[in-house]
Structures are given as C-alpha cells and as structure tokens.
Amino acid sequence: MNWSAALPTFFITLREGVEAALVVGIVFACLQQAEQQRLHRWVYLGVISGTLASFVVGLLLNLGIQGLQTSDLLYAPVFKQLFEVGLGVIAIAMLSWMLIWMTRQARFLKAEIEGSVKTALGEDNRAASAIFSLIFIAVFREGLETALFIVAKFQEGWTPVLGAIGGLSMAVLIGMLLFKWSIRINLSKFFQVMGVFLLLIVSGLVISALRHLDGAAIAYTQINSSIADACGQGNTSCLLGPQVWDLSGILPDRQFPGILLKTLFGYTQKLYFVQAVGYLLFWVVVGSLYFRSLSQPTQLKPATKLN
C-alpha cells in the first residue's frame with residue numbers, strides 16, 4: 001500500500017480538524033461558564049451531524065466519478081476529466097480561502113464564538129437549535145473542504161481516506177489536550193507551519209487540475225475524428241504547451257522519493273509549460289496573500305488563553 005498518499009489528507013484533516021476543535025472547545029467553555037451543561041448534547045450532536053454530512057457529500061461526489069468512469073456514454077471520458085477539474089478548482093478555492101481567512105480572523109475567533117453563544121443562550125426556546133447550528137456549520141465547513149480534497153485525489157485509492165482518519169484522530173487528541181487537560185500549545189506556530197504545508201499540498205492540486213483539463217481535451221479529440229489532429233500526432237499534451245522537463249528516468253513519480261514529492265508537493269516527472277505557469281501564479285497570488293497575513297501583529301494566542 002502506498003502510504004505516502006495518506007500524508008496530504010493527514011495534514012489537511014489535522015489542520016481543519018484543529019480549527020473545528022477550537023470552535024467546539026470554546027463553545028463548551030462558554031456553556032460551562034453559563035452553567036448550561038444541559039446543552040452539551042447539542043454540541044455532540046452538531047459534531048456528529050457535521051461529520052456525517054461532509055462524509056455523505058464526499059461519498060456522493062465519489063459515486064459521481066465512479067459512475068462516469070464505468071459509463072458507456074460516448075463523452076463519459078470527457079465529462080469525467082472535467083468533473084475532476086471542477087472538484088480540483090473548488091478544493092483549491094475553498095482551501096486557499098479558508099487558509100487566508102482563518103489566519104486573518106484568528107484574533108477575533110474567541111470573541112465571535114462567545115458572542116454567538118451568548119446570543120443563543122439569550123433565546124431560551126431556541127438555544128439548543130442555535131448551538132447545534134453553530135457547531136454543525138463549523139464542523140461541516142471543515143469536513144467539506146477535506147472531503148473535496150479527498151475526492152479530488154481519490155484516483156490514488158482508499159489510502160487518502162486512512163490519512164484523513166489519522167488526521168482527524170490527531171485533531172481530536174489535540175482538542176482534548178487543549179480544553180480538557182489544559183496543555184499549553186502554541187497555536188500560532190502550529191497554524192503557521194500547517195499553513196505552509198497546506199499551501200504546498202494545494203499547489204499540487206493546481207498541476208493536477210490542469211492535467212485533467214488537458215486529459216479532457218485529449219479525450220475529446222480522440223472521440224471526434226474531424227479534429228483528431230488538433231493536438232498533434234504523438235503528443236502527450238494538448239493544452240499544456242511545450243514540456244519543461246522529463247525526469248522519468250531520474251526521479252520517477254511512482255517510486256520513492258518521487259512519489260512522496262508528488263503526493264505532498266505536486267511534483268510530476270513530466271512538467272509542461274502551462275502547469276509551471278499555473279503553479280507559480282498560485283504561489284504569487286495565494287502564497288503572497290498568506291504570508292502577508294502572517295505579518296499582521298495580532299495572531300491566535302496559545303490555547304490556554306482561550307479558556
């Protein structure tokens with residue numbers, strides 16, 4: 001089994017899971033201070049429901065890919081590649097936006113959640129549903145991002161799912177360390193390091209999405225004989241331009257260490273011009289926004305300050 005394929009989803013689920021754990025922990029602390037332990041069950045129900053909902057969405061998306069893969073429709077290969085492109089673009093957009101948003105809004109996280117909980121407790125007959133909604137949305141949002149990434153990488157088999165389970169388990173452990181046992185962890189440094197890993201992983205999705213877009217074009221030209229020569233005879237690329245490198249003989253991406261670089265950082269043994277440009281543009285735009293957000297003077301404080 002290729003365990004390196006589990007690493008990207010492990011890191012993503014770990015980071016997203018810790019974000020959700022912060023929300024859940026702060027809500028628990030607020031309910032404890034307000035002596036509203038009777039609402040704890042709605043927190044647990046929100047966690048379970050949000051996790052299940054994100055799992056169902058990921059399962060439905062995967063069934064869609066599998067259906068296109070086994071379909072006898074003429075254009076099914078084209079639609080499958082375009083479906084993969086769409087998933088990749090959505091995953092890139094959501095993960096990048098949440099990474100930058102969380103970094104910028106970290107200093108307001110505790111105050112915003114406490115305000116939401118106080119508002120919910122002020123509405124006696126709606127407190128339970130408000131607490132449930134707050135937790136469900138927080139968990140579902142993080143779970144949906146992870147589900148989209150897993151489905152976008154599902155061609156690597158079930159191993160990414162195991163990585164997600166491992167990351168989620170570690171996130172739960174960190175949440176317990178923070179809020180149950182009051183262990184001091186520098187969350188600011190944690191999110192900074194995980195943010196860099198996340199950028200590297202998502203930048204690999206850019207290369208993958210462009211490869212699927214090129215695969216859709218190649219599949220379309222193979223179906224339509226009238227434009228069969230549009231990509232050129234014998235070319236392995238249709239939309240990606242000239243080849244930048246071919247390291248298949250030196251560092252193949254299906255053998256160690258190339259396979260580790262591929263799953264973590266988007267390395268590919270055959271890189272084309274458009275992929276290289278897309279990769280660099282991602283770092284210029286998203287990378288610069290992220291590192292600029294890190295330079296803000298106020299960052300998320302250590303976890304013990306949240307209690």
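Points worth noting:
- Taking 14 Å as the straight-line reach from the Cα of residue 118, the aspartates and glutamates in range (excluding those fewer than 8 positions away in the same chain) are 35.
- 3J(HN,Hα) from dihedral phi, the stretch 273-288, Karplus parametrisation 6.51/-1.76/1.60, rounded to Hz, x for glycine, proline: 4, 5, 5, 5, 5, x, 4, 5, 4, 4, 6, 5, 7, 6, x, 5
- Sequentially through the stretch 198-213, phi angles give Karplus couplings (6.51, -1.76, 1.60; θ = phi - 60°) of 5, 4, 4, 5, 5, 4, x, 5, 4, 5, 5, 4, 5, 5, 5, 5 Hz, Gly and Pro residues having no value and appearing as x.
- Heavy atoms of the protein chains alone define the surface here; on that basis the stretch 3-294 has 49 Å² accessible area per residue at 1.4 Å probe size.
- Cα gyration tensor shape for the stretch 52-109, rounded if a/c is under 1.5, else prolate or oblate: oblate
- Going through (1) 35, 24, 16; (2) 38, 23, 16; (3) 41, 21, 16, the figure that equals semi-axes √(5λ) of the Cα gyration tensor in Å as computed for the structure here is (3).
- Think of the chain as a dipole: +1 on every Lys or Arg Cβ, -1 on every Asp or Glu Cβ, centred on the Cα centre; then among 258, 7, 245, 7 lies furthest on the positive end.
- Taking Cβ separations below 4.7 Å as the criterion for a possible disulfide partner, the isolated cysteines in the chain are 30.
- Helical contribution to [θ] at 222 nm, DSSP H n ≥ 4, -39,500 (n - 2.57), averaged over the chain, rounded to 500: -24000 deg cm²/dmol
- In the stretch 3-294, the portion of solvent-accessible area held by carbon and sulfur atoms comes to 67 percent [1.4 Å probe, whole percent, DNA, RNA and ligands not counted].
- Only Lys, Arg (+1) and Asp, Glu (-1) charged, at Cβ; the stretch 3-294 dipole about Cα centre in debye: 720 debye
- Ranking 41, 126, 15 by solvent-accessible area of protein heavy atoms (1.4 Å probe, all protein chains present), from largest to smallest, gives 41, 126, 15.
- Rounded to the nearest 10 Å², the accessible area of residue 23 at probe 1.4 Å: 10 Å²
The values are calculated or read from the model by the stated rules, or taken from the named source; none is laboratory data. Since the structure is predicted, the reported quantities are computational estimates derived from the model, not experimental observations. Note that each Cβ is placed from the backbone with ideal geometry, even for glycine, and that neighbours are counted across all protein chains shown. Accessible surface is based on the protein model in full, side chains and every heavy atom, while ligands, DNA and RNA are left aside. Shrake-Rupley method; radii C 1.70, N 1.55, O 1.52, S 1.80 Å.
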